[in-house]
Every structure is written in structure tokens, then in C-alpha cells.
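One structure below.
What follows is calculated from the coordinates using simple rules that are stated; it is not laboratory data. As the structure is a computational prediction, the values presented were derived from the model and not from experiment. Reconstructed Cβ throughout: ideal geometry from the backbone, glycine too, with neighbour counts over all protein chains shown.
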Amino acid sequence: MHYVIIGASAAGLAAAEMLRQWDPAGAITLISDEPHPPYSRPLLTYLLSGEARLDQVWLKAPDYFEQWRFEARLGERAVQVDAAGHEVRLQSGRVVPYDRLLIASGASPRLPAIPGNNLEGVFTLRTLADWQRLDAGLPEGGRVAVVGAGPVGLKAAEAFVRRGCRVSLVEMESQVLPRLVEGQAADLLHRALEEWGIEVFCNTAPLGITAQQGRVRSLALADGRELPTQAVLFATGVTPNTAFLTETALAAAGGIAVNARMQTAHPDIYAAGDCVQSVHLLTGKPAYVPIWPAAVAQGQVAGANMAGAHRCYPGALPQNSISLRGFKIITGGLVQPEGADLEFVTEFDPHRVRYRRLAYKNGRLVGLTLVGRVEDAGIYFQIMGQQLPVGDLAADPRGPDFHPGRLWG
Amino acid sequence: MKTVIVQPERCVGCLQCRLACAVEHSRTMELAAAIREQVIPRARLRIYPGRQHLAFPNKCRHCEPAPCQQVCIAGAISRRPQGAVDIDPERCINCAMCAMACPFGVLTYAPVHLAPEKRAVALKCDQCPEREAAGRSPACVEACKVGALTYGEWQETQQDKGRALAQAVFASMQAPQETASSLPATIRVWRQLS
């Protein structure tokens, strides 16, 4: 059996390792358009801030591919998949035949279609090459504008401050981390950003970037403001990499459609990771959840199934961990659940900057925001992920001093 | 794999394990010197007040597969050949992804002398690698005076516990029979009837 995997990051590698465990004799080929050995994308913002060094981004040992007996085709882009002929065509013109194919091609940054978005001082941060360009092109001590106040935008903005830049953060919604945290937690974060000297502009969108002699000069906003800046970083979300799949009818704007076994409409083609549209674990509705833990879990399910197992992926539970200068936020599930029988429990300790918000629906935990003290987050996510009726637990998580001892001791 | 086995019903919450753990993970590994170190050493297990027991020691279970290892974006979490799951403070970036994944809530974030330049790193039980290499028990086990923390193969402990339970059940079944003869005849007959 010849397995081919397009993409060699979280989902692709998890699948390959699972495949190797299930099928010790099978041939496994990994195709990646990245010329580098596998590295951690989430670490790029830490690389930017200096919290991680370049030698720390590599995910695997130098002899990883030989050790697992994977054939790695790094720096080769897949440009076409022939589902009927069971072949993948590479940019170099080479053709890789497969028996079973996994598409783990990931996602690319979304760049707003505004004038000037192709200037030299305009950046995104998704690949190591992006980081190299940004690291070299960053106006040390100058002004930088970050568009998009999601996890990447916030982390990057904080990194720029560390490097002596004056940072403006632009967000379309009314607060930072929209759809991830609500009111009070957002206020805490706004206060912290202010303290670090990051200027936040909410409820506005970028209109265009003006240049002078080919260099970025300012960023025009929809509210009429014009931010003088020497560089602009767009952290406005990602979009699935499915352009090379147009001929297979698998490409879709919201991600590749898969069943619970991570199988696409073509029985021999599976998909996992940021290129996939998965199902929200709590609502059961289609959702695009491009997060690392989901990619690994989907990759493992896809890998096992490709080797002949019958495993199901229950759905993705959105969860994010944001750590800025030791200021930690963990959030997940549904921030604003809809429907009847809702209950919210909030606790705020301004003295120790701790915040806890739990959202319940029908007596089950569906939403979580923790600020400051985040150590028990995994316990809440277990309760949430398994949809345990909270009333039947040994200890009620709504209680003010909920801790592992109450649950198990 | 040999692990630290927790028997919460025996724990009295004396916290000697925490002290021993912190000393073991200090730079000097001496109590008197450890309390004066620049980076205050921290314990990697916590004792919570229990619900049915006096106290509940909570520590890393070294899960297989380990959810924390699967989500670590820095590749800082690995499994040692002997089986314990370990965090490399050099690689840890304090992102708290592991806290998000750990179903037992065993992680803490604090500075550590092995990476003094970092604000904090993820800390959890590493099962004392130096002691493991030397064939000794982890520091917390050595410090535990009531047998709430023991070191061994969990299958064996489970077997022992099962055997002890079976013996207790048999003992309790035998006990009433011995006293049966001393019961008044009326009660004995009534019991036979029912």
C-alpha cells in the first residue's frame, strides 16, 4: 500500500505516525511545499518576540524521516490531484501515484483586498519564510500597524513592542479577541495592552496603505483616521489551501468536506487539519476550527482509517490559549451560546487579575473563559467535551472553589 | 512502567511530599540552601482538601498517549525511554497549551532555575529522572510517611489492592458465622426461615 500525504505539519505528521503504527510495511510519502524540515507554526510569533530561538522551532529530530521510514518530498508543491487516476502532480512536473491520499495542506493567511496590500512593508505571518521576511524588514524602533486582534495579532503586537516598535492594533469588531472572549475578560486585556503601550483601534477596518517611494507610509482606516506606519502586519485569519483541488470537486471556500472518518467524497482521499471543514463538537454544525489540537486529532483519525481502522472524529472543540508576558487566557467552546436554558457563572478577582466565566446550556458546560489562573482548564474541557451533566458530577464546577480534590478526592 | 501510585485514602495532607519535591527540583538539592535560592524551587504535585478523604494528592499520571505531549506546539514535551513524560524547560514557551489539554489539571507555571531567563515555564512531575537512573524512589515517595505515595508497577498495586479487598470481604463473611452459634435459638430459626 502506498500512502501519500500532502502537507507535513501537525495533521500530516500525526497521520503519518499513526499510519506507520498501523501499517509497518506500507510506503508513506510526505509532500510539502515547505523547503524546511517540519517546524511549529504557532511558534513563529514566539520567534518574533525572542521567546523562542530558531533552533527551537524544529518539531522533529534531524533523522526523523529515516527513523520512521517516511519518504519526504520537501520543497515540492502539489498542484493537481487526479482522483480517478490516483495521482498527485507536483509543480516540478513529477507525478506521485497513491493508493490512499491524505490532504493536510493547511491554510494560508487571508489578505484584505485593499490598495497597497502588495507593498514591501506589508506582511503576514504563517510560514518560516514569512517570519524571515518580517524579521529582516521590521523597522526597529519604528511604527508598526497590526490588523486583526486575534491570537496571532495580539501575540505579534506584543512581540513588536518588545522589539522597541510603536504598535497600533486595528480590529474590525468592538473588542480584541472577538468571538473568543466577552466583556470583562476583554476589558482586562484592553487594560493590559494599554499598559504595554499598544494603541488599539476597534470598530474600524483598513481601507488602504499609502506608500512613499515604494515604502509603507501610512494605513488609512474606515473611520477616517490615517495611522502613520512603516510596516503593516495582517493577522486577519486564514483560509484553507484547496486551490490545487479544483479538478476533484473537493475544494470549497469553508474547507474540504469530510465525514466523521475524515474521508472525502472520494473514498481513497482523506483530509485533516486546517484545510478541512469539521463539525463543532457542541452544536454538531459545520465549523471551521483551524487549531493545532484539532489538526493532530484529525490527523490521527485519518491515519488510522487510511490503514484500515474504523475510527471516528467526534468533532472539533474550539479552544485557544493566549499567553502574553505571563498574562494567560484560555478560552473555548461557545462564547455566546444560543437558545433557551442558559446559565452564566462569572467570577472576577481584580486584585489578583483572575477571571472565570462558565457558560451552561441544559445543565451542561458549553463555554469557558479563564484569565490568570488557567491550570484547571483541561478539567473543564473534559467536562465540556464529554458533555457531562454538571449536576451528576461529584463536585459542581460552578462552585467558587472547584478544584481536583473536590472532583476526585 | 514504574510510577508513583497515589492512594488518597491514606493521605493525611502533611505536605512533606511537596517539600521534598521542591528540594529535589532545586539547584542545590539541599533544604537549607534551597529556600535561599534566587529562583524559588516549586513542588510539582499539589495536595487538595478532599471530598471523602482528608486530602487528595494530585500529580501527573504520565498518560499514554499523553494529551499534553500531543498539543505542545513547542515540541517541549517528550516521553523518556523508561516511560515518564517530561517537559524540557529549555524549549517550553509558557503558552499554556498543556494546561488546556491535561484532563487532571496538574500543570503549574513558574520560573525554574534550569531556565532562569524565562518568566515562567510549565512544571509537572518528572518522576525524578536522576533518582530513576540510580534506581531510587522519587523524592515524594521517600518523604511520604503514611504510604499514600508508593512507587511501583501500577498493575501490581492494583493486584495487591484487589487481593486485600477480597480478603476483607471473606473476613467479613466469616465473622458472622463464628458468632452464629451464640445467637439465641429463636433468632437462628427465624433466619433459617427467611
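List of remarks:
- Stretchable slack from B:R27 to B:C63, in nm (0.36 nm times residue separation minus alpha-carbon distance): 10.2 nm
- Calculated from backbone phi, Karplus (6.51, -1.76, 1.60) coupling profile of the range B:90-99 in Hz, x at Gly/Pro: 5, 8, 4, 10, 6, 8, 6, 5, 5, 5
- Cα shape, the range A:44-140, gyration tensor, a/c 1.5 rule: oblate
- Taking every Cα-Cα distance in the range A:177-233 and sorting them into 5 Å bins starting at zero, the pair-distance distribution P(r) comes out as 4, 16, 20, 18, 18, 14, 6, 3, 1 percent.
- With θ taken as phi - 60° and the Karplus curve 6.51 cos²θ - 1.76 cosθ + 1.60 applied, the whole-hertz 3J(HN,Hα) list for the range A:216-232 is 5, 10, 7, 10, 8, 10, 5, 7, x, 6, 10, 8, x, 7, 9, 8, 10 Hz, x standing for glycine and proline.
- Loop sites by DSSP among the GluC sites (Glu not before Pro) of chain A, restricted to those with at most 16 other Cβ atoms within 10 angstrom, leave A:174-337 as the longest stretch without any of them.
- 13 Å beta-carbon shell around A:I330, net charge (K/R +1, D/E -1): +3
- Mean residue ellipticity, 222 nm, helices only, the protein assembly as shown: the sum of -39500 (n - 2.57) across DSSP H runs of n ≥ 4, divided by residue count and rounded to 500, is -7500 deg cm²/dmol.
- Listed by chain and number, the lysines whose C-alpha is less than 24 Å from the C-alpha of B:K2, apart from same-chain residues fewer than 8 away, are B:K59, B:K124, B:K145, B:K161.
- Taking θ as phi - 60° and the Karplus parameters 6.51, -1.76 and 1.60, the scalar couplings of the range A:32-48 work out to 9, 6, 7, x, 8, x, x, 9, 8, 5, x, 7, 4, 5, 6, 5, 4 Hz in sequence order, x denoting glycine and proline.
- Between B:V39 and A:N203, the modelled labels are 4.6 nm apart [label points 7 Å from Cα along Cα→Cβ].
- Its relative contact order, with pairs defined as Cα atoms under 8 Å and 6+ residues apart, puts the range B:49-92 at 27 percent.
- Using distinct alpha-carbon pairs, which all enter the 1/r mean, Kirkwood radius of the protein assembly as shown in Å: 26.7 Å
- A crude spin-label estimate for the pair B:R119 and A:E195, with each label 7 Å from Cα along the Cβ direction, gives 1.0 nm.
- Relative contact order (percent, whole number), chain A, Cα cutoff 8 Å, 6+ residue spacing: 15 percent
- Unpaired by the 4.7 Å Cβ criterion, cysteines found in chain B: B:C11, B:C14, B:C21, B:C63, B:C72, B:C92, B:C95, B:C102, B:C128, B:C144
- Rg/Rh for the range A:119-278 stands at 1.06; both radii use Cα atoms, and Rh follows the Kirkwood definition.
- Under 5 Å, built H, 5+ apart or other chain: amide partners of A:V170: A:V146, A:V147, A:G148, A:F201
- Taking the Cα centre of the range B:2-154 as reference, the dipole from Cβ charges on Lys and Arg (+1) and Asp and Glu (-1) amounts to some 340 debye.
- As a length-normalised measure over Cα pairs under 8 Å and 6 or more apart, the relative contact order of the range A:334-408 settles at 23 percent.
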